[in-house]
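The values are calculated or read from the model by the stated rules, or taken from the named source; none is laboratory data. Note that the coordinates shown come from a computational prediction; the quantities given were computed from them, not determined experimentally. All Cβ positions, even for glycine, are placed from backbone atoms using ideal geometry, and neighbour counts span all protein chains on display. With ligands, DNA and RNA removed, areas are computed over all heavy atoms of the protein, side chains included. Shrake-Rupley method; radii C 1.70, N 1.55, O 1.52, S 1.80 Å.
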Amino acid sequence: ALESSPPGFYALAKLWAYVFGDEILSLRLLTVIAGSLAVVPLWLFCVRAFGARAAWLAAALLVLVASHMRLSQDARCYSVLFLVFCCALVVAWQLVGAVRERRAAIGTAAALGCLIAAMVWLHATALIAALAINVFVLAAAVGRRDEVRRVLALLAIADALAALLAIMPLRFALQHVLQLEFVDRWIVVPNLHETLQVYGRTLVGAFLGPLSPLAAVLYAA
């Protein structure tokens, strides 16, 4: 009753469980596959936008960072959300290329809108990721005024389609925020001791995995 996440991942997990069974290994395999596959669109985006060196570095960081490993085994929405976000980055860069080359881009904008909607179905905080994608596309097309105007129009199409497709999870999230028991349960100012515990578990503890020293070296590079 107090779950704040939209039902997208749970619907996907229910379909997965219907096909592969509802044992914990099967449910975790769904997110393991999603977390593993995310390296492919991430590499594609980076190699097209920033070059091969950046693409291989980003791929290495993703497969080595301990927090991504943990979330990919968590049987929750986060690795699936990250996979969809990486796919959205690929489509966003295709949108930038279509604008620069003056090609038709309505279909690309529609695809971006569908991916943004899918992210919102998975988690309400995906709205932050959607904003970041909008800013990135706009920043990548600031070279000429006509490009900016066209990009704004295409982003408006993508965002409008995303809002239309995700109106149900948006209402779902808003209803939860307005419930007093939800506010009492989740939106609480932590004390210093609790804050240090959370910091230790999520930021420090995540780097205690066996591959994390190599990830730290890559981050430094």
With a 1.4 Å probe and every protein chain left in place, work out the accessible area per residue of segment 79-159 in Å², rounded to a whole number.
-> 45 Å²
Which FRET efficiency value, to the nearest 0.05, is calculated for Val135 and Ala221 with the Förster distance at 30 angstrom and r the Cβ-Cβ distance?
-> 0.70
Estimate the FRET efficiency between Leu164 and Ser26 by the formula 1/(1 + (r/R0)^6), using the beta-carbon distance for r and 30 Å for R0, to the nearest 0.05.
-> 0.35
Note down the magnitude of the dipole of segment 1-158 about its Cα centre, charges +1 on Lys and Arg C-beta and -1 on Asp and Glu C-beta and zero elsewhere, to the nearest 20 debye.
-> 640 debye
Accessible-area order (highest first, 1.4 angstrom probe) of the listed residues Tyr78, Tyr10 | Tyr10, Tyr78
The percentage of the accessible area of segment 113-171 (probe 1.4 Å, all protein chains present) made up of carbon and sulfur atoms, to the nearest whole number, is 77 percent
Karplus (6.51, -1.76, 1.60) ³J(HN,Hα), θ = phi - 60°, over segment 18-23, in Hz, Gly and Pro reported as x = 5, 8, 10, x, 9, 5
Exposure rank, largest accessible area first [Glu101, Glu194; 1.4 Å] | Glu101, Glu194
Given the peptides 84-91, 112-119, 128-135, arrange them by the average over their residues of other C-beta atoms within 10 Å, most packed first.
-> 112-119, 84-91, 128-135
Per-residue accessible area for Cys77 at 1.4 Å probe radius, Å² rounded to 10?
-> 10 Å²
Given 0.36 nm per residue, what is the gain on full extension from Gln175 to Arg102 after removing their alpha carbon distance, in nm?
-> 22.0 nm
